[in-house]
Amino acid sequence: MDSTGTQPGSPSSGDDTSSSRVEVAISEGSKEGSDHVITLRDAMDPDGPTLVFTPAEWDAFVAGVRDGEFDLDDSGALVELGDPDDPADPSGTS
């Protein structure tokens, strides 16, 4: 996937912009019948691998980020999420 011309993502305030940036682009292309794809790559390694998402996959990824699916605890381990549909699960988010 050619992501030439991809614009760097904007770092959050306080981020070390020299080591933690990604680039996201909407590109022409087809994957699973979509007419465009969303690409994600490491800004410090533009010739490295590129992740390619369909619009539906990207929406699911963004929803997961918003829901905390990729949050890390103080040790760097993924935070265990409970079942939001189970009121008996104290770690659920509902």
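How long is the gain from D47 to S75 if the chain were fully straight, where each residue apart is worth 0.36 nm and the alpha carbon distance is subtracted? Can you show the working numbers first?
Values: separation 28, 0.36 × 28 = 10.08 nm, distance 3.10 nm.
Length gained between D47 and S75: 7.0 nm.
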Along the Cα-to-Cβ line of A60, 7 Å from the Cα, sits a label point; which residues in region 24-42 have backbone N less than 18 Å from it?
30-40
For R21, what residues show an amide H to amide H distance below 5 Å, using hydrogens built from the backbone and excluding near sequence neighbours?
A43, M44
Would you kindly derive the ³J(HN,Hα) couplings of region 45-60 from the backbone phi angles with the Karplus curve 6.51 cos²θ - 1.76 cosθ + 1.60 (θ = phi - 60°), listing them in order in whole Hz, with x for Gly and Pro?
9, x, 8, x, x, 10, 7, 10, 10, 6, x, 5, 5, 4, 4, 5
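Every number in this text was worked out from the coordinates using simple rules, so none of it is lab data. Not measured: the values here are computed from a predicted model. Please note: Cβ atoms are built from the backbone with ideal geometry, for glycine as well, and neighbour counts cover all protein chains shown.
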